[in-house]
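S.K.: Here it is, the structure in full.
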Amino acid sequence: MDDSPETALRAAREQVIASFDSICEQTRRAIRETPDAIKDSRDRVHRLAGVAGVVGLQHVSERALDLEAVLADHTCTADRVDAAVDQLRGAFVADLAAPPPPWLC
């Protein structure tokens, strides 16, 4: 078993990539549901922002922080959340198209 930091980073990056669509869809649904669903979604997006930055998905991290701020605004609308999720998805595509971090090679 390889306990190297690079292995842990690769696993974390794979987890972010695997869970990304689910996080986006849960966030879109949450704004149309209860305040608890919005809080849970905001917490997931907050974790995404942190982990994405660590695993070389910097644009995802930045857009996730933007989405977190939208979700924290109690006057936010579904349209604002949808727009922020669209921006997050664009950042995801851009980050995956960019050269990978050296530890990933």
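S.K.: Residues of the stretch 70-99 being loosely packed, with under 13 Cβ neighbours inside 10 Å and of a type outside the set (D, E, K, R), which ones?
M.R.: Scanning the stretch 70-99 gives His74, Thr75, Thr77, Ala78, Val93, Ala97, Ala98, Pro99.
S.K.: Related question: Being more than 14 Å from the chain's Cα centre (by Cα) and either part of a helix (DSSP H, G or I) or at pLDDT 95 or above (or both) is the filter; apply it to the stretch 59-81 and report the residue that is nearest to Ile38 (Cα to Cα).
M.R.: Going residue by residue through the stretch 59-81, those that are more than 14 Å from the chain's Cα centre (by Cα) are 72-80.
Checking the rest, the ones that are also either part of a helix (DSSP H, G or I) or at pLDDT 95 or above (or both) come to 72, 78-80.
Values: Ala72: 8, Ala78: 11, Asp79: 14, Arg80: 13 Å.
Only one residue fits best here, namely Ala72.
S.K.: Can you name the condition, by its number, that Trp103 falls short on among (1) among the hydrophobic types (A, V, I, L, M, F, W, C); (2) in contact with an Asp or Glu (Cβ under 7 Å, 6 or more places away or on another chain); (3) surrounded by 19 or more Cβ atoms within 10 Å (Cβ to Cβ)?
M.R.: (3)
S.K.: Also: Among Ala97, Ala72, which is more than 26 Å from Ala8 (Cβ to Cβ) and hydrophobic (A, V, I, L, M, F, W, C)? Break it down into steps so the answer makes sense when it comes.
M.R.: Numbers: Ala97 fails: more than 26 Å from Ala8 (Cβ to Cβ).
Of Ala97, Ala72, the one residue that is more than 26 Å from Ala8 (Cβ to Cβ) and hydrophobic (A, V, I, L, M, F, W, C) is Ala72.
S.K.: Considering only residues that are assigned to a helix (DSSP H, G or I) and acidic (Asp, Glu), look in the stretch 16-58 and name the one that is surrounded by the fewest Cβ atoms within 10 Å (Cβ to Cβ).
M.R.: Checking each candidate, the answer is Asp36.
The values are calculated or read from the model by the stated rules, or taken from the named source; none is laboratory data. Note that this is a predicted model, so its numbers are computed, not measured. Counting neighbours? That spans all protein chains shown, and the Cβs are built from the backbone with ideal geometry, glycine included.
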